[in-house]
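*Asks:* Below are the C-alpha cells for one structure; questions will follow.
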Amino acid sequence: MSEYTITVKDAENGISVNLAGPADENSVAYIVAQVVMRFIPEIVKKAAVRATCQCDKCKAAREDSPQTLH
C-alpha cells in the first residue's frame, strides 16, 4: 500500500505545491495523486482570484477572472 501527501505552503514568490510518496505506477493511490496534481494550476488560479496577494501572478489572475454577481 502506498501513501501520498500533497503539501501546499506559502513561499517568497507565491506558493509551493509538492507531492511526496513513492513513484509506484501500479498503485491506484499514485494514479489519483497524479490526477489531482494536474488540477493544481487551475486551483491556484482560482485561489489567486480570491486572495489579496499583490504579486504579479495573482494580480494577472484577478484581471483575467470574469466578474460574476452572486
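*Asks:* Please find, within segment 18-31, the residue that is surrounded by the most Cβ atoms within 10 Å (Cβ to Cβ) out of those that are outside any loop (DSSP other than H, G, I, E, B) and free of Cβ contacts under 8 Å to residues at least 12 places away in the same chain.
*Replies:* ILE31
*Asks:* Provide a single number: the residues in segment 1-17 that are free of Cβ contacts under 8 Å to residues at least 24 places away in the same chain and either in contact with a Pro (Cβ under 8 Å, 6 or more places away or on another chain) or not small (Gly, Ala, Ser) (or both).
*Replies:* Here the count works out to 6.
*Asks:* Say we look at segment 32-50 and pick out the residues that are of a type in the set (A, V, I, L, M) and touching a helix residue (DSSP H, G or I) at 6+ places or on another chain (Cβ under 7 Å); which of these is surrounded by the fewest Cβ atoms within 10 Å (Cβ to Cβ)?
*Replies:* Out of the qualifying residues, it is VAL49.
Values quoted throughout were computed directly from the atomic coordinates according to the rules given, and no laboratory measurement underlies them. Fair warning: this is a prediction, and the values are worked out from it, not measured in the lab. Glycine also receives a Cβ, built like all others from the backbone with ideal geometry; neighbour counts cover every protein chain displayed.
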